[in-house]
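Shown next, in structure tokens, is the structure this report addresses.
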Amino acid sequence: MIVGVPTESFQGERRVALIPDVVHTLVDKGVDVLVQTGAGQQAGYSDELYLAKGAQIVSASDLFQQAHTILQVRTYGANPEGKSDLENLRPEQTVIGFTDALDRSDRLSALADCGVTLLSMELMPRITRAQSMDALSSMATIAGYKAVLMAADRLPRIFPLLMTAAGTLAPARVLVIGAGVAGLQAIATAKRLGARVSAYDVRAAVKEQINSLGAEFVELEIDMADSEDAGGYATVQDDAFYERQRNELAKVIAESDVVVTTAAIPGQSAPLLVTKDAVGRMSPGSVIVDLAAERGGNCELTEPGSDVDVQGVTICGPLNVPATVPGHASQMYAHNMTTFLLHLLDDEGQLQLDMEDEITAGTLVAQAGTIIHNRVLQAQGLPGA
């Protein structure tokens, strides 16, 4: 089998689907690896490094003509600037990468119409044996870490407690909303920087994880029953619940120097958690970093892709945060991708899609040009397979 790694075309995307260190793993399994010229350059991986590990460096046209399987960070489903993929792809090719499968069904359908088989990295089942393939969690780890650095850079004070000859500097008060992978990493990073950290999540079950990182779990006076689905994600609640939640959170937000929001629900717009009124109660100089900006934002005043100043409070709406740490983000993604690909290969090094396997069935969006994934079909308003 031949796999191809093209250069990512999404604006600002600096990651690459495979790094040189994983190439030999695939080559040892009899897989030929084609890498487009310069594909890894922005992540710090030169063509020479790929060549030294056994990859071939080729042009984009040769890559798409020769490869049986295309490995990407962002497929056309997650890349509105990647329409050229539709012209380059061939029927019976396989494409693996992030697809925005539950949110961008129009581009996903166009991609499937090319006749390809499509596997989505973000639909990886949350089961123990798939943890090493979970690219969504890998990228959330990077995002949670970087969000705190963004906040520290913008906050007009330092994070740790310092006792100096010039007096004592109180620690920054950091509130993290959402204790998934990104939130837990944000908590850990803020603690390492010396801040006083508290965290809130609608799922009471994560209290122990928050406390284990040295943060205080914020308990609101609202009922949190049935707040978590079987996959461990927060469930959608009714409007009355969110109204009570916002009112209670506003009290905690007002006492915080930094708020990092990470709350997301798969296939849904980000829940609104930080209102304009709550922002107005924060002290000038405070900072909000909204990691849900790509899904509309957890903060009412977030402007995706921009920093805004509202009465002295800086609100950051960063997009594609993992791409700002392209070296390590690519390293993690490449290991997830390689582990997944090896899982799909048979003993002869050929792609074998076993629909009895939970991992394969959970990630297979389209086969030979037909969308077959039930959740994706439902997102498009079509009957399930």
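At-a-glance table
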| quantity | calculated |
| --- | --- |
| Contacts under 7 angstrom Cβ, first residue in region 356-371 being in a loop (DSSP other than H, G, I, E, B), partner of a type in the set (Ser, Thr, Tyr), 6 or more apart | 368/117 |
| Of all residues in region 112-160 being in contact with a strand residue (DSSP E or B) (Cβ under 6 Å, 6 or more places away or on another chain) and assigned to a helix (DSSP H, G or I), the one that is nearest to residue 189 (Cα to Cα) | 147 |
| Selected residue (only one of 130, 188, 215, 147 is surrounded by fewer than 21 Cβ atoms within 10 Å (Cβ to Cβ) and either outside the structural domain of residue 361 (by TED's automatic domain parsing) or of a type in the set (Val, Ile, Thr) (or both)) | 188 |
| Test for residue 277: is it free of Cβ contacts under 8 Å to residues at least 12 places away in the same chain and either part of a strand (DSSP E or B) or more than 21 Å from residue 98 (Cβ to Cβ) (or both) | no |
| Odd one out for residue 39 among (1) free of Cβ contacts under 8 Å to residues at least 60 places away in the same chain; (2) assigned to a helix (DSSP H, G or I); (3) touching an Asp or Glu at 6+ places or on another chain (Cβ under 9 Å) | (2) |
| Every residue from region 253-272 that is crowded, with 18+ Cβ neighbours inside 10 Å, out of contact with any Gly (no Cβ under 6 Å at 6 or more places or on another chain) and at pLDDT 95 or above | 253, 256, 257, 258, 259, 260, 261 |
| Among (1) assigned by TED's automatic domain parsing to the domain that holds residue 149; (2) in contact with a Leu (Cβ under 7 Å, 6 or more places away or on another chain); (3) β-branched (Val, Ile, Thr); (4) crowded, with 22+ Cβ neighbours inside 10 Å, the one test that residue 288 misses | (2) |
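The values are calculated or read from the model by the stated rules, or taken from the named source; none is laboratory data. Predicted model only: the values in this text are computed from it and were never measured. Reconstructed Cβ throughout: ideal geometry from the backbone, glycine too, with neighbour counts over all protein chains shown.
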